[in-house]
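The values are calculated or read from the model by the stated rules, or taken from the named source; none is laboratory data. Nothing here was measured: the structure is a model prediction, and the numbers come from that model. Every residue, glycine as well, gets a Cβ built from its backbone with ideal geometry; the counts of neighbours run over all protein chains shown.
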Amino acid sequence: MSQVEREQRREERRVTLNLLRNLTKREISAQYKRTALGRIWSLINPLAQIAVYSIVFGLLIQIPVAPGSNSGLELFPIWIGVGVIAWGAISNSISAGMGSMLGNAGLLTKVYFPRSVLPISAVLSSIFTFATELLVLLTIMVAVGWWFVGGPMVLLYAPLLIPLLLLTMAFVLGIAMLLSVASIYFRDIVHLWSIVSQVWMYASGVMFSVQLVRDAQQRIAEDYGLELPLVTLFQLNPAERFLTAYRNILYDFAVPSWDVWVALVLWSVGSLVVGKLVFDRLARNIVEEI
Amino acid sequence: MTAAVDVQHVSKSFRVYRDRNQSIKATLLTGRRAVYDRFQALDDVTFEVPEGSTFGLLGRNGSGKSTLLKCMARILNPNSGTITTRGRVAAMLEVGSGFHPELSGRENVYLNGSILGMSRAEIDSKFDQIVDFSGVERFIDQPVKNYSSGMYVRLGFAVSIHVEPDVLLVDEVLAVGDMDFQEKCMEKFAQFRREGRTVVVVSHGIEQMRNFCDHAAWLDNGVLQDVGNASAIVDQYADSGHAVTAGPGGGVRFGTGEVKFTQLGLVDPSGEVVNEVRAGEPATIRLWYEASERIERPVFGAGLHTVEGVHLWELQGRDSGFVPDAIEAGAGTIDVRVDHLPLAPGSYSISATVQDHSTTHMFDSLQHAARFNVLGGGFRTSGGMLALSGRLENLRQH
């Protein structure tokens, strides 16, 4: 590669990064424009959801949740809160990323820029929202720690949130990139996604713990003599693994076990590689299909 | 001379779906995505755009010139062939396309600038120039959704033109804003040329191309016809562009056909078609048209010829001060009224044109599509083509 070409590449990369930053800023700052509460809305939504789930699943149905392994906490709203926020981040990032190409059709057909900038910036802005929610949650956990456990122990494990956040981002980005181009070829995917995300939410154990699944597996084995590997299937779900990791850190005040980390790394890398391959293949002629 | 843009054997085809299905179900049922034909938009096009030139791409609608421009801008990918560009390329295909309505003008300048490839520092240093050029200083901190369409376009244009690329690709956007603004744009383009930058422009406006460009390429149905000196190419294109076809009433027509005349004729005050009128009497020429789409500010015109082909008179909407805001798709009529027809008895033919507002794009030109006879009347004539309101009088003998 010649000096000039290298120079040009570097220039292109700089321009792309600048564009990525500006687009992400646009997503973030335009999201709550002209609302009286502004960014607070990004907290009100999960709070409302947590309240509803706490009443329905905690108070009425009384889903059993094991106490936090290190923290010994038995606060259902906090337990479900971690799940709601983490699941919200996964599902919102994927739908934002998925809609990013269709939503910017005008831009795609009129200007050239590296197309991946669109899903990446959409995911980044959702992850930004997620990060602020995590920060609020962390603050609450520090207070809860003082109150119930006798110290801000959660801060010891909080740095683990950074690699976990990066893995989450890689995972959702891969899926978002794949769906963002696929949804242009098949618009049905947009509608299908709303169903899939519902099913996926329940399958990820946002409002019940693995204990319930284990009970069910045992019951089926005893009643019908069927050995269904329900727990294994449940834990094959990457979103469940992510939720487990977030709960380990924020609720149990513990380090997620190594097999959780391995599963997360495999899922994230796999998703990113597949997403990027499909995206690069399909995005080239995207303008003609829009 | 080195090439700023080197187009080598570029071909591009599009899928034209006969029965477009975008559902997974249909795909699974038929076992394939959709039935489509291939439309060859560009067929083995090869030429070079010399560095520092202002290069025009000419051709009729659908000739592939915009496709070629989009390939140069890397928005579309050629199926085969290569396009090599030297230096920074910026495309001005639709100004303000990256604007976010909820964000302020200021935020959008930064956003749009970065979409077009400017760095933050670069936008910082040019920000005042951009705002000054656009003339929207007072509203720069307002959300752009409150802008008038003129302000919107001017701000978008101002950002695009301050990218200062080595190669600027422009698609039919020379006609934005008012006269003052257009003048500013032309000055900016002139400055571009002085600085040795390359401009590639697509336009229908033949005269504009002749004045504006020094080189040109002419495409027809995706095939390169000729490339070279602009005025020579424009002449060739203009000759060929008037490929005429037979129209109604024995007339001949050319044009792109978004609006077509279906009939021309004289009508009497009750609206009945007549083919006779007396010299000096009022006459109403009616043009029946059919538009296949909504057309903004069309310029209608009508003209009279003798049967021998002498052009006697022509009047266009712009000169007459009558340009409708828009005509909708569908049929309609428009009248050209003459208070006293000053023509000598004989046979005459009617022609009509309809163009876009800049009168650079001919939708339809229907020539000699109706004949009428002028009979002797109040305006007397003893010879010649005209019958004027004149008389002999005032004999004096000395």
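So here's what we get for this one:
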| quantity | calculated |
| --- | --- |
| Meets criteria (part of a helix (DSSP H, G or I) and touching a Ser or Thr at 6+ places or on another chain (Cβ under 7 Å)) for A:W41 | yes |
| Residue that is farthest from A:S125 (Cα to Cα) [pool: residues in region A:95-111 that are of a type in the set (A, V, I, L, M) and within 13 Å of chain B (Cβ to nearest Cβ)] | A:V111 |
| Residue count, region B:385-398 (criterion: over 7 Å from B:A344 (Cα atoms) and either surrounded by 10 or more Cβ atoms within 10 Å (Cβ to Cβ) or touching a Ser or Thr at 6+ places or on another chain (Cβ under 8 Å) (or both)) | 3 |
| Lone unmet requirement of (1) touching a Lys or Arg at 6+ places or on another chain (Cβ under 7 Å); (2) modelled with pLDDT of 90 or more for A:I286 | (2) |
| Filtered residue count, region A:179-220, keeping only those that are more than 14 Å from every other protein chain (Cβ to nearest Cβ) and under 22 Å from A:T129 (Cβ atoms) | 9 |
| Complete set of residues in region A:8-31 that are more than 10 Å from chain B (Cβ to nearest Cβ) and free of Cβ contacts under 8 Å to residues at least 12 places away in the same chain | A:R9, A:R10, A:R13 |
| Those residues of region B:295-321 which are farther than 25 Å from B:V374 by Cβ and surrounded by fewer than 16 Cβ atoms within 10 Å (Cβ to Cβ), in sequence order | B:E296, B:R297, B:G321 |
| Close pairs (8 angstrom Cβ cut-off, 6 or more residues apart or separate chains): of a type in the set (F, W, Y) in region B:345-358, assigned to a loop (DSSP other than H, G, I, E, B) anywhere | B:Y348/B:V307 |
| Residue that is farthest from the other protein chains (Cβ to nearest Cβ), among those in region B:96-116 that are of a type in the set (G, A, S), crowded, with 21+ Cβ neighbours inside 10 Å and touching a residue at least 12 places away in the same chain (Cβ under 8 Å) | B:G105 |
| Condition met for A:G72 (more than 25 Å from the chain's Cα centre (by Cα) and not polar (S, T, N, Q)) | yes |
| Residues that are in contact (Cβ under 8 Å) with a residue 40 or more places away in the chain and farther than 8 Å from A:G97 by Cβ, drawn from region A:163-177 | A:L164, A:L167, A:T168, A:M169, A:A170, A:F171, A:G174 |
| Filtered residues of region A:235-253 (kept if surrounded by fewer than 18 Cβ atoms within 10 Å (Cβ to Cβ) and either in contact (Cβ under 8 Å) with a residue 60 or more places away in the chain or closer than 14 Å to A:A170 by Cβ (or both)) | none |
| Extreme residue, surrounded by the fewest Cβ atoms within 10 Å (Cβ to Cβ), among residues of region A:68-127 that are over 23 Å from B:S114 (Cα atoms) and free of Cβ contacts under 8 Å to residues at least 24 places away in the same chain | A:E74 |
| Residue match in region A:64-78 (condition: part of a helix (DSSP H, G or I) and either in contact with a Pro (Cβ under 8 Å, 6 or more places away or on another chain) or within 14 Å of chain B (Cβ to nearest Cβ) (or both)) | no |
| Members of region A:263-290 found to be in a helix (DSSP H, G or I), within 14 Å of another protein chain (Cβ to nearest Cβ) and hydrophobic (A, V, I, L, M, F, W, C), listed by number | A:L282, A:A283, A:I286, A:V287 |
| Some residue of region B:273-282 being part of a strand (DSSP E or B) and touching an Asp or Glu at 6+ places or on another chain (Cβ under 8 Å) | yes |
| Meets criteria (of a type in the set (V, I, T) and over 24 Å from A:L282 (Cβ atoms)) for B:T85 | yes |
| Any hit, region A:249-259, residues being modelled with pLDDT of 95 or more and among the small types (G, A, S) | no |
| Test: residue in region B:66-77 that is in contact with a Gly (Cβ under 8 Å, 6 or more places away or on another chain), within 14 Å of chain A (Cβ to nearest Cβ) and among the hydrophobic types (A, V, I, L, M, F, W, C) | no |
| Any chance B:V153 is at pLDDT below 85, among the aliphatic types (A, V, I, L, M) and either surrounded by fewer than 21 Cβ atoms within 10 Å (Cβ to Cβ) or touching a Lys or Arg at 6+ places or on another chain (Cβ under 7 Å) (or both) | yes |
| From the options B:S358, B:S351, residue that is within 24 Å of the chain's Cα centre (by Cα) and not in a loop (DSSP other than H, G, I, E, B) | B:S351 |
| A:E5 in contact with a Lys or Arg (Cβ under 9 Å, 6 or more places away or on another chain), within 13 Å of chain B (Cβ to nearest Cβ) and among the charged types (D, E, K, R) | no |
| Qualifying positions in region A:217-234 - out of contact with any helix residue (DSSP H, G or I) (no Cβ under 6 Å at 6 or more places or on another chain) and surrounded by 13 or more Cβ atoms within 10 Å (Cβ to Cβ) | A:I220, A:A221, A:L233 |
| Leading residue by the ranking (modelled with the lowest pLDDT) among those in region A:5-62 that are aliphatic (A, V, I, L, M) and under 15 Å from A:T129 (Cβ atoms) | A:A30 |
| Criterion: over 22 Å from the mean Cα position of the chain (by Cα), at pLDDT 90 or above and either in a helix (DSSP H, G or I) or not aromatic (F, W, Y) (or both) - qualifying residue of A:Q217, A:Q235, A:Q211, A:Q198 | A:Q217 |
| Candidate set: region A:1-32, residues that are part of a helix (DSSP H, G or I) and polar (S, T, N, Q); chosen: the one farthest from A:V117 (Cα to Cα) | A:Q3 |
| Residue selected from region B:125-137 under the condition within 12 Å of B:H162 (Cα to Cα) and of a type in the set (D, E, K, R), by the criterion farthest from the other protein chains (Cβ to nearest Cβ) | B:D132 |
| Count - residues of region B:64-95 that are under 22 Å from the mean Cα position of the chain (by Cα), crowded, with 21+ Cβ neighbours inside 10 Å and not in a strand (DSSP E or B) | 11 |
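Yes/no matrix, rows are residues, columns are (1) of a type in the set (G, A, S); (2) in contact with a His (Cβ under 9 Å, 6 or more places away or on another chain); (3) on the phi > 0 side of the Ramachandran plot:
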| site | (1), (2), (3) |
| --- | --- |
| B:P342 | no, no, no |
| B:G346 | yes, no, yes |
| B:A352 | yes, no, no |
| B:T360 | no, yes, no |
| B:R371 | no, no, no |
| B:L375 | no, no, no |
| B:M385 | no, no, no |
| B:R396 | no, no, no |
